[in-house]
1. Out of segment 366-391, which residues are assigned to a loop (DSSP other than H, G, I, E, B) and not hydroxyl-bearing (S, T, Y)?
2. List pairs: first in segment 316-340 and more than 22 Å from L5 (Cα to Cα) and modelled with pLDDT of 95 or more, second outside any loop (DSSP other than H, G, I, E, B) and within 16 Å of ligand 2 (Cβ to nearest atom), Cβ under 7 Å, 6+ apart or cross-chain?
3. For segment 65-81, name all the residues that are without any contact (Cβ under 8 Å) to a residue 24 or more places away in the chain and either in a helix (DSSP H, G or I) or of a type in the set (G, A, S) (or both).
4. Scan segment 85-123 for residues that are within 16 Å of ligand 1 (Cβ to nearest atom) and in contact (Cβ under 8 Å) with a residue 60 or more places away in the chain and jot them down.
5. Kindly indicate which of A222, A227 is of a type in the set (G, A, S), surrounded by fewer than 23 Cβ atoms within 10 Å (Cβ to Cβ) and within 16 Å of ligand 1 (Cβ to nearest atom).
6. Answer yes if at least one residue in segment 321-329 is farther than 23 Å from H170 by Cβ, within 16 Å of ligand 2 (Cβ to nearest atom) and in contact with a Lys or Arg (Cβ under 9 Å, 6 or more places away or on another chain), and no otherwise.
7. Quick check, is G173 assigned to a loop (DSSP other than H, G, I, E, B) and at pLDDT 95 or above?
8. One residue is enough: does segment 299-311 have a residue meeting the conditions away from ligand 2 (no atom under 16 Å from the Cβ), surrounded by fewer than 16 Cβ atoms within 10 Å (Cβ to Cβ) and modelled with pLDDT of 95 or more?
Amino acid sequence: MTQRLRVVWTPEMLRYDFGRGHPMAPDRLDLTIRLARELGLLADADLVGAAPASDALLATVHEPAYVAAVRRAETEGVADPARGLGTDDDPVFPGMHEASARVVQGTVDAALAVVAGDAVHAVNVAGGLHHAMPGAASGFCVYNDAAVGIRAMLDAGVERVAYVDVDAHHGDGVQAAFWDEPRVLTVSLHESGRGLFPGTGHPDETGGRHADGSAVNVALPAGTGDAGWLRAFDAVVPAVVEEFAPQVLVTQHGCDAHRLDPLTHLRVSVDAMRLASERLHELAHELTGGRWLALGGGGYAIVEVVPRAWAHLIGIAAHRPVDPDTEVPLAWREHVLETYGRTGPTTMSDGVTPAFRTWRSGFDPSDEVDRAIRATRAAAFPALGLDVEHD
Ligand SMILES: [Zn+2]
Ligand SMILES: [Zn+2]
C-alpha cells in the first residue's frame, strides 16, 4: 500500500459560493490550501480534482426530485423553499448543482482511493457537508458528500464504516442517511441542539430499529472549552469506534467549535482540535489499517481559525505534523493583509496547552459537561456492548 496522502483540491472547489456576506465563504478553502502549501505540507501529496458527480451517484443518497430541483435552481434560478433552496442559509447561486456535485465526487473518489489502497489517507476540506438531507438542502449544505462517500464504500464491499463528526453542529444529515444502517456508526460531538441549529443530536438518538447503537451523540453545553471538549471526546469516541471495529474511518473536522467562531457558543482552541485530529489519525492506524478519509465542514472564523485547524489536519494526514509553535509563514500573512486588510494569526497555536481529565479519574455529577457525557454513555454504550461506567 502506498503511504501517499490524497488531497482533494482544484480551484474549481471555490465555486461552492453562496455569495457575498454568506458565512460559508470559499475564501476559507483558499486560505487553507495556501497555508498548507506555504508550510510545505503538500510536497508529497497527490492533489486531485474532481468532475461533478452524476445524478445516478447523487441518487444513492438523494431523492431524484431533489436533484432535479437543484438543477432547476441552477439553470433557472428558481427557489424551492420546501426543499431548502433559496433560503437565507442556502441561497440559490449560479452553478449551484455543478459546484455541489463536484464536492461529492471529490469525496467519493477519495473514499474509493482509500478503500483500494491507492492512498493511505485522504483529505477533502471542501467536503463534510453534513447537514444536507436526502430531499433538502440545509445549513449551507446542498449535497451530502460524506453520506454519498460512505454509501459508495458500502457499495464497494466495505462492511463497516465509522463516521466521527467534531463540528460544533450535530451531523444530522449523515445520521439520517444511515439511521437504520447497522454497517455505519455515526458519532457526533457537538453543542447541544437546545441552543443551536439544527436542534437535534440528543443522546437518546441511537439509531433505528435495525441499527440500535449505530448513532452516538454527545450534546455539550454552550461555553464548553478545551478541557471539557477533549474529556468528552476521550470518554466516548475511542471506545465506541474501537467496539464497532470499522474497516474505514471517515471524520468530519468542522472547526466552528472554536471560541472565535461567530455562529456557535463552544470555546475550543486550534490546539485542542489538533489533538482530536491526532487521536483520530491514531485510531485509523489502530483499527482500520490506516484507511482514513478526513473531511472539512463548518468553520466561520475564516482567517483566524479555519486555515490553521485544517493545515494541522493536512499535516497529520501527510505524516508531517506541524509543531504548534511554528510561525505562520510570512507570505501567507502578507496575502491575508493585502486581501482582507487584516492581520492574521502569527503562530500555529492559540498559545494554550490543552489538558483534560480522563473519565476513569471520576465523574462529577454537578458538572454540566460530565452530565452530558454520562447521558451519552448511558444511552449509547449498552447497545454497543460497552459498560457505561468502566469502558
Ligand atoms: Zn457547523
Ligand atoms: Zn497515518
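The values are calculated or read from the model by the stated rules, or taken from the named source; none is laboratory data. What you are looking at is a predicted structure, and each value in this text was computed from that prediction instead of being measured. No Cβ is skipped: glycine too gets one built from the backbone with ideal geometry, and neighbour counts run over all protein chains shown.
1. Listed by number, the residues that qualify are D367, F381, G385, L386, D387, V388, E389, H390, D391.
2. none
3. A68, A69, R72, T75, E76, G77, A79, P81
4. Correct list: D90, V103.
5. A222
6. Checking segment 321-329: at least one residue is farther than 23 Å from H170 by Cβ, within 16 Å of ligand 2 (Cβ to nearest atom) and in contact with a Lys or Arg (Cβ under 9 Å, 6 or more places away or on another chain).
7. Criteria not met by G173.
8. no
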